[in-house]
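**Student:** Before I ask anything, here is the structure I am working with.
The values are calculated or read from the model by the stated rules, or taken from the named source; none is laboratory data. Only a predicted model underlies this, so the values are computations on that prediction, with no experimental measurement involved. Using ideal geometry, Cβ is built from the backbone for each residue, glycine included, and neighbour counts are taken over all protein chains shown. Heavy atoms of the whole protein, side chains included, go into the accessibility calculation; ligands, DNA and RNA do not. Shrake-Rupley method; radii C 1.70, N 1.55, O 1.52, S 1.80 Å.
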Amino acid sequence: MPSLTPSWIQKLPSLGVGIGFRKALKQKIFTSHTQIDFLEIITEHYAQPSFGQLQELTRLNKIFPLIPHVLGSSLGNASGLNPQYLKEIASVINAIKPLWWSDHIAITSTGNLDIGHLAPLPRTMEMVKIICENISTIKKKIKYPLILENISFTHTLGGELTEEEFIKEIIERSDCGLLLDLMNLYANSQNFHYDPIEFLDRIPIERVVQLHIIGGHWEEGILVDSHSSAPPARVWELLEYVASRTKIKGIIIEWDENLPAFDRILTEVKRAKKILSKQGTLKVSFA
Amino acid sequence: MSLQSLQELSTALYLSSAEREAWKRNADVTANKYSLDNSDKELLKNLNPERLRFYADSLKSKRFNEIAQFIPETMKKFRAELWQHFQEYAESYVPIGCKKVVADSLSFGEFLKVANTHVSNSLTELIKQELAPWRMNFLLEKQSNLYKASKTTFYTIQANRYLGGKTKIIFLNSESRPFVFSAYIHPAIFFLKLPFSSVIYTWRFIAISF
Ligand SMILES: [Fe+2]
């Protein structure tokens, strides 16, 4: 059976397993650079950079492949993208010249109001059209391949599409790759009571480029994707499942809160590498 | 257009407890206030008030934790009191843009100065001290690009010397927390061009002529 994976995704090199760059981990990251295949950086941190930030970015870019991750562009904003914000993130990403960069299927601001975090979108065809228009605007400024992340959410605005259909429509119409966050998927499956494997079978898994894995915590009966603990067993199982279905180009351990001893993070990196290594010969992507 | 109204309304519900209360009391009134059409009113019905409250609370905690990096000492000593004030503050101001966390910290500091509720003196003093370098950094960055270009800054200091008066130089370590070093520099030092030539390339600094 021929691969369903678009050729531009097939051509992307495999980066391996890396971590999210955090200032608190900086020294350890440099000293352990041989064990970390690539880094994901928060693009906004280097917008309007100070001299020190420029130096940091240049140094990081020399040692590691960098993948810029955008948090606040608000791709789902029905009032359009903020041109100043777009200009600032574009200047960082274009300076890095990454293999790909990532953003979210979400909204983070409307008009002059910043929500402060990723919020879910109504799952309608009208919304699909709007986000695709915004993506097309952003692609004109940033020519590097864009991959989109599924977010976790505690509430929903519903809509005529299921979550899987919504993701599929956006990813395919805009010809983007998928940054599949397995903890976000696991958290949503717990909070909205569905089977994550069935979810994986319904999304365009052949478009997965990169994965995020990490753990969260329970609060008021809700599983929160707080990036505060090691990936739970179920997330590892989901990773094994995705790895058996499509060729993964990169995995990021996305630790933000409750940072453990660095060796602990490296243990998770090694575990993910082991799973990826089994992929060596996997050629067929099939959903 | 209609999705825009729905997004404006949901954002208001995330950010304002007053809007959430009004919506819980009468969803139709809130929907009409934002000119929602019937299909968007239907979408709004999917919002679960308890889950919405949970999300709104998490937004506030996230913001509070983000500004902690700029005021670590104040956070260590006055966390509970700060949190109380922050709850009120967070509903009155929402920062935006790539540098929003710095802006948020500074405006929280300003809010404490004029807060209606009692703020302990030692808290205001400490937060003022901790925010001082960030305030200067932020304001100067907003006003000018001069401080991004190390060579330009160096020439600026030299120019200051010819313009007369003393030059106060504040060094900001932008690698981590700002470290402020301020000194009155004798103009003669510029003839030597030392040790600043090396400093220039590793530190940001701000020169102010008096
Ligand atoms: Fe993620």
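**Student:** Please determine whether any residue of the stretch A:187-198 is away from chain B (no Cβ under 14 Å), outside any helix (DSSP H, G or I) and within 12 Å of the ligand (Cβ to nearest atom).
**Tutor:** No: zero hits.
**Student:** Based on this model, can you work out whether B:TYR34 counts as touching a helix residue (DSSP H, G or I) at 6+ places or on another chain (Cβ under 6 Å), among the hydroxyl-bearing types (Ser, Thr, Tyr), within 8 Å of another protein chain (Cβ to nearest Cβ) and crowded, with 16+ Cβ neighbours inside 10 Å?
**Tutor:** no
**Student:** Take the residues of the stretch A:200-221 that are more than 14 Å from chain B (Cβ to nearest Cβ) and open to solvent by 10 Å² or more (accessible area, probe 1.4 Å): which is nearest to the ligand (Cβ to nearest atom)?
**Tutor:** For the stretch A:200-221, the residue satisfying everything is A:ARG207.
**Student:** So, restricting to helices (runs of 4 or more DSSP H) that lie completely within the stretch B:67-184, which ones have at least 3 residues that are modelled with pLDDT of 80 or more and not hydroxyl-bearing (Ser, Thr, Tyr)?
**Tutor:** B:72-90, B:100-114, B:121-143
**Student:** Among the residues of the stretch B:37-59, how many are more than 20 Å from B:LEU3 (Cα to Cα) and either within 8 Å of chain A (Cβ to nearest Cβ) or in contact with a strand residue (DSSP E or B) (Cβ under 6 Å, 6 or more places away or on another chain) (or both)?
**Tutor:** 5
**Student:** Taking interchain pairs and intrachain pairs at least six residues apart, which have beta carbon atoms under 6 angstrom, with the first residue in the stretch A:241-253 and away from the ligand (no atom under 16 Å from the Cβ) and the second part of a helix (DSSP H, G or I) and of a type in the set (A, V, I, L, M)?
**Tutor:** Pairs that qualify, where the first residue is away from the ligand (no atom under 16 Å from the Cβ) and the partner is part of a helix (DSSP H, G or I) and of a type in the set (A, V, I, L, M), are A:ALA243/A:ILE275; A:ARG245/A:ILE205; A:THR246/A:ILE205.
**Student:** Within the set of pairs 6+ apart or on separate chains, which have a first residue in the stretch A:173-186 that is open to solvent by 10 Å² or more (accessible area, probe 1.4 Å), a second that is at pLDDT 95 or above and within 14 Å of the ligand (Cβ to nearest atom), and C-beta atoms under 7 Å apart?
**Tutor:** Qualifying pairs under 7 Å: A:TYR186/A:VAL235; A:TYR186/A:LEU238.
**Student:** Name the single residue that is nearest to the chain's Cα centre (by Cα) among those in the stretch A:31-48 being more than 16 Å from the ligand (Cβ to nearest atom) and within 8 Å of another protein chain (Cβ to nearest Cβ).
**Tutor:** Looking at the filtered set, the residue picked out is A:ALA47.
**Student:** Scanning the stretch A:62-83 for residues that are among the aliphatic types (A, V, I, L, M) and within 16 Å of the ligand (Cβ to nearest atom), which turns out farthest from the other protein chains (Cβ to nearest Cβ)?
**Tutor:** Among them, the one singled out is A:ILE67.
**Student:** Take B:LYS62 and tell me if it is assigned to a helix (DSSP H, G or I), closer than 26 Å to A:VAL224 by Cβ and touching a residue at least 12 places away in the same chain (Cβ under 8 Å).
**Tutor:** Spelling it out, it is not the case that B:LYS62 is assigned to a helix (DSSP H, G or I), closer than 26 Å to A:VAL224 by Cβ and touching a residue at least 12 places away in the same chain (Cβ under 8 Å).
**Student:** Could you check the stretch A:111-130 and list, in sequence order, the residues that are more than 19 Å from B:LEU44 (Cβ to Cβ), touching a residue at least 24 places away in the same chain (Cβ under 8 Å) and within 7 Å of chain B (Cβ to nearest Cβ)?
**Tutor:** Scanning the stretch A:111-130 gives a single hit, A:ASP114.
**Student:** Any chance the stretch B:81-93 includes a residue that's aliphatic (A, V, I, L, M) and open to solvent by 10 Å² or more (accessible area, probe 1.4 Å)?
**Tutor:** Checking the stretch B:81-93: not a single residue is aliphatic (A, V, I, L, M) and open to solvent by 10 Å² or more (accessible area, probe 1.4 Å).
**Student:** Condition first: open to solvent by 10 Å² or more (accessible area, probe 1.4 Å) and farther than 21 Å from A:HIS217 by Cβ. Now tell me which residues in the stretch A:187-199 satisfy that.
**Tutor:** A:ASP195, A:ILE197, A:GLU198
**Student:** Of everything in the stretch A:142-172 that's in a loop (DSSP other than H, G, I, E, B) and within 16 Å of the ligand (Cβ to nearest atom), which residue is surrounded by the fewest Cβ atoms within 10 Å (Cβ to Cβ)?
**Tutor:** For the stretch A:142-172, the residue satisfying everything is A:ILE151.
**Student:** Just one of (1) at the interface with chain A (Cβ under 9 Å from one of its Cβ atoms); (2) over 25 Å from the mean Cα position of the chain (by Cα) trips up B:SER10, so point out which.
**Tutor:** Only one criterion is unmet by B:SER10, namely (2).
**Student:** Which condition number in (1) in contact with a His (Cβ under 8 Å, 6 or more places away or on another chain); (2) crowded, with 22+ Cβ neighbours inside 10 Å is the one that A:HIS104 fails?
**Tutor:** (1)
**Student:** So, one more: What residue, among those in the stretch A:84-101 that are open to solvent by less than 20 Å² (accessible area, probe 1.4 Å) and outside any helix (DSSP H, G or I), is farthest from the other protein chains (Cβ to nearest Cβ)?
**Tutor:** By that ranking, first place goes to A:TRP100.
**Student:** Exactly one condition in (1) open to solvent by 60 Å² or more (accessible area, probe 1.4 Å); (2) away from chain B (no Cβ under 14 Å); (3) farther than 24 Å from A:LEU99 by Cβ; (4) in contact (Cβ under 8 Å) with a residue 24 or more places away in the chain is not met by A:ASN258; state its number.
**Tutor:** It fails just one condition, (2).
**Student:** The conditions are (1) open to solvent by less than 20 Å² (accessible area, probe 1.4 Å); (2) over 19 Å from A:GLU149 (Cβ atoms); (3) at the interface with chain B (Cβ under 9 Å from one of its Cβ atoms), and A:GLN53 fails exactly one of them. Which is it?
**Tutor:** Only one criterion in (1) open to solvent by less than 20 Å² (accessible area, probe 1.4 Å); (2) over 19 Å from A:GLU149 (Cβ atoms); (3) at the interface with chain B (Cβ under 9 Å from one of its Cβ atoms) is unmet by A:GLN53, namely (1).
**Student:** Tell me whether the stretch B:1-13 contains one or more residues that are at pLDDT below 90 and open to solvent by 70 Å² or more (accessible area, probe 1.4 Å).
**Tutor:** Within the stretch B:1-13, one or more residues are at pLDDT below 90 and open to solvent by 70 Å² or more (accessible area, probe 1.4 Å).
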